[in-house]
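The values are calculated or read from the model by the stated rules, or taken from the named source; none is laboratory data. All figures in this text were calculated on a predicted structure; none of them were measured in a lab. Cβ placement follows ideal geometry from the backbone for every residue including glycine, while neighbour counts extend to all protein chains displayed. The area values use the complete protein model at the heavy-atom level, side chains included, leaving out ligands, DNA and RNA. Shrake-Rupley method; radii C 1.70, N 1.55, O 1.52, S 1.80 Å.
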Amino acid sequence: MSELGPRYEHKEVEKRIYRLWEKSGYFAPEAHQPRAGNPESKKTFCIMMAPPNVTGSLHMGHALENTMIDVLIRWKRMQGYKTLWLPGIDHASISTHNVIEKELKKEGLTRFDLGRERFLEKAWEWKKQYGGIILDQLKKLGASCDWSRTRFTMDEKYIDAVLTAFVHYYKKGLIYRGLRTITWCPRCGTGISDLEVKYKEEDAILYYIQYGPFTLAPVRQETKFGDTALAVNPEDVRYKKYIGKEIEIESLDVSGQPDKPSKTKIKVAVVADDAVDPEFGTGVIKVTPAHDITDFEIAQRHKLPMLQVIDEHGRMNENAGKYGGMKTKDARDKVASDLRAVGLLLKEEPYRHNTATCERCGTVVEPLPSLQWFVKMDSLAELAKKTVRSGRTKILPANFEKNYFSWLDNIRDWCISRQLWWGHQLPVFFCKKEGGEQRVAGQAKADQKFVVAKEKPKKCPICGNCEMEQSPDVLDTWFSSALWPFATLGWPEKTDDLKKYYPTDFITSAREILNLWIMRMIFSGEEFMDKEPFAVALIHGTILTKEGRRMSKSLGTGIDPLSLIENHGADATRFGVVWQAMGSQDIRWDETSVQAGRKFNTKLWNIARFLQKKTGGKSYTTERLEGFLNGETIKGVFPEANDDDLKILEGLRATRSQVVQYLENYEFGQALHTLYDFVWHNLADKYVEQVKTREDELAREILHGVFMSCLTMLHPFMPFITEEIYQQLKPGELLMVRKW
RNA sequence: GCGCGCUUAGCUCAGCGGCAGAGCACCGCUUUUACACAGCGGGGGUCGUAGGUUCAAAUCCUACAGCGCGCACCA
């Protein structure tokens, strides 16, 4: 035993202690030795890390999430479970594209200048250089992951899992290719899913336009050239007489001189559809199947034709006649003034509405018709509902189940193809003689033949002798991460790990990930493993700035957890985060809690120094104390105890049972507050003071025992300092596997 | 528009039916050998507003207001 120094030096200690843990091998479940008489010894406890994006660096959300997980993992490990916390990285298709394309832009290049192959080379290079950084950052936080099992969603084996899943869905008839109006980001040059759209509030103008006998009030009147019908609510008495009729209306002529607006007469059908809200606007809508997803659905129901007037770059196309080539925003103004000129614009009214933008790059998205790949969601949504309804996966707090179910009730088929390069290329092969996959609407054939297989067929079954060409599209990133809980364990192979650790025990995520990821893992788990992927999905709060704003790197409002670790230590940082983690409430970040954590470090350090001085470094067995904690009476165990002893012992027992209860309910903040209060205000302020004037051996034994017990309970929260103190007091043993 | 959550001390938040709490900040005293990153003591809140239930409400119910989030809408 060595003497504790006057100060706790977190920087030196954290490096040394982390190495000690790694060397011990206890991060891997295999190192656990069954403990005699401990029924937990044979049980496993497994958590899959939410794989951070390759492009990511540690932010407060990661710190919160992974600290909570580490608390659970360390706690269970100390209880004797075989614990596995499996780390990994997500290739993050569209995010990575954004990062690399931003760099290319500095050199005045686009990804198309580079070409697919060279772009991918660059992406892999980038991955090699930066991809592991975030995992090293997690080590600094103290994360006790089994690093030997680290996975990447584009590892060879993982790719196999993704392709296997695709082929499985396809053979089952759950994946199809179809021409549909989807959300398209003109900047990223790819389709995106509903969940990748972010809405921004914006001031716009409602243009009241004369449409034959009707008045319509669109914002995006430039899409009017793509109208193929008008629609009203079937119950709307005002318009009943028009339903099913074709009416003649006056409209802008797109074929005339650009600077001479003129009118022309066209015929338009009127259909009745429930999607039309008779209360909104004038109760009549123009149906533009090519450029509005709701309208597309109406068109499908009424078999209306589709007319595309906006192209993939967000410009009007040749179908818009003289407006062709204009950007949609410019066309909107031009159309308005032309309508005004010909007397078809009745009035303008300011209107505040939400504009759909691309979540990744902020560009206004354009709904477009496009040939894409979809997963049919009906039966999968049913699976996802059943799992939660039956309680096999619990969503906590329970009120989030409501969100979950209502989203599943209104789900649309999942567009899984992306016109990007970084990711899992679709295992779909087209005949080269037909020119490979044709995607662009107009030229495309939705009934084009293809082969779905994990490997390229040797001979083209379509023409008989060409080298087949793989679809250039890659899969939505969430398609691969949906398989995470079992693909990381070796699926589709039937590995030992899969048998041992699946289903996993816990996952935690931010609210917005519930539908993006959690739900998709649930139906994937049910589909491929016949079992739920995890027992509990905990929704945690978002860390905001003190003013309640979103933390954002670009706005400079983010707090860097690494600098917190550097300045205050990993334990103080973890303390600060958990201290504020109360339920799923958002956290308005308050750095004083990290300060409190640092002070608490000092407190622990000094209690240890006092203990060392008082006992002369003597080590006591903890048998008597454990007997008491396990339910024996104080008088039975410590017959000579006085009132002060009774108080601290009872306090310890109460604290322990409360902490366990909180942890079992995933109430991390409450558990830490309870420990803090007991250690500081009962053990340090009271008992230590009382012991100062006592010279009996019992006081020393109790002080020693109570403190050791506190170190044990605090270890999951503050692993470095507690381990360091333990090493000083009991060299040769590791606190990280001491019995809780 | 529908749904969910929040509103408690200067700040950030616990408490969720029975004398208003913590961290940080503030004021006073104390360098007494674990710790001044401390100890002891103290100030500070009519618990968003208005009703209701109850012997008793910050805590339960109803309405309203403000803030935030999710979903829908954007004709």
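For segment A:383-409, the candidate set comprises residues that are in contact (Cβ under 8 Å) with a residue 24 or more places away in the chain, closer than 13 Å to residue A:523 by Cβ and not aliphatic (A, V, I, L, M); within that set, the residue that is surrounded by the most Cβ atoms within 10 Å (Cβ to Cβ) is A:393.
A quick yes/no check of all residues on (1) open to solvent by less than 10 Å² (accessible area, probe 1.4 Å); (2) polar (S, T, N, Q); (3) touching a Gly at 6+ places or on another chain (Cβ under 6 Å); (4) within 16 Å of RNA strand B (Cβ to nearest atom):
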site	(1), (2), (3), (4)
A:156	no, no, no, no
A:192	yes, no, no, yes
A:195	no, no, no, yes
A:212	no, no, no, yes
A:218	no, no, no, yes
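Within segment A:640-656, no residue that is more than 10 Å from residue A:682 (Cβ to Cβ) and assigned to a loop (DSSP other than H, G, I, E, B) sits with its Cβ atom under 6 Å from a residue that is aromatic (Phe, Trp, Tyr) and open to solvent by less than 60 Å² (accessible area, probe 1.4 Å) at 6+ positions apart or across chains. Once segment A:622-639 is narrowed to residues that are in a helix (DSSP H, G or I) and in contact with a helix residue (DSSP H, G or I) (Cβ under 7 Å, 6 or more places away or on another chain), the residue that is most open to solvent (accessible area, probe 1.4 Å) is A:624. For residue A:590, the requirement of being outside any helix (DSSP H, G or I), within 16 Å of RNA strand B (Cβ to nearest atom) and open to solvent by 40 Å² or more (accessible area, probe 1.4 Å) is met. Listed by position, the strands (runs of 3 or more DSSP E) enclosed by segment A:430-544 that each have at least 2 residues that are closer than 30 Å to residue A:401 by Cβ are A:504-510, A:534-540.
Of all residues in segment A:105-132, those being over 19 Å from residue A:423 (Cβ atoms) and either touching a strand residue (DSSP E or B) at 6+ places or on another chain (Cβ under 6 Å) or open to solvent by less than 90 Å² (accessible area, probe 1.4 Å) (or both) number 3.
Applying a threshold of 9 Å to beta carbon distances and a minimum spacing of six or more residues, or different chains, the list of pairs starting in segment A:193-220 at a residue that is within 15 Å of residue A:354 (Cβ to Cβ) and touching a residue at least 60 places away in the same chain (Cβ under 8 Å) and ending at one that is acidic (Asp, Glu) and within 8 Å of RNA strand B (Cβ to nearest atom) reads A:220/A:292. Within segment A:370-382, the set of residues being open to solvent by less than 10 Å² (accessible area, probe 1.4 Å) and touching a strand residue (DSSP E or B) at 6+ places or on another chain (Cβ under 9 Å) comprises A:370, A:371, A:372, A:373, A:374, A:375, A:377, A:380.
Residue-by-condition table, conditions (1) crowded, with 17+ Cβ neighbours inside 10 Å; (2) closer than 18 Å to residue A:218 by Cβ:
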position	(1), (2)
A:248	no, no
A:275	no, yes
A:289	yes, yes
A:296	yes, yes
A:300	no, no
A:308	yes, yes
A:320	yes, yes
A:326	yes, yes
A:333	no, yes
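When segment A:550-569 is filtered for residues that are in contact with a strand residue (DSSP E or B) (Cβ under 9 Å, 6 or more places away or on another chain) and surrounded by fewer than 16 Cβ atoms within 10 Å (Cβ to Cβ), the ones remaining, listed by number, are A:550, A:557. Only one of the listed residues (A:414, A:517, A:478, A:484) is closer than 30 Å to residue A:118 by Cβ, touching a residue at least 12 places away in the same chain (Cβ under 8 Å) and either of a type in the set (S, T, N, Q) or touching a strand residue (DSSP E or B) at 6+ places or on another chain (Cβ under 7 Å) (or both). That residue is A:484.
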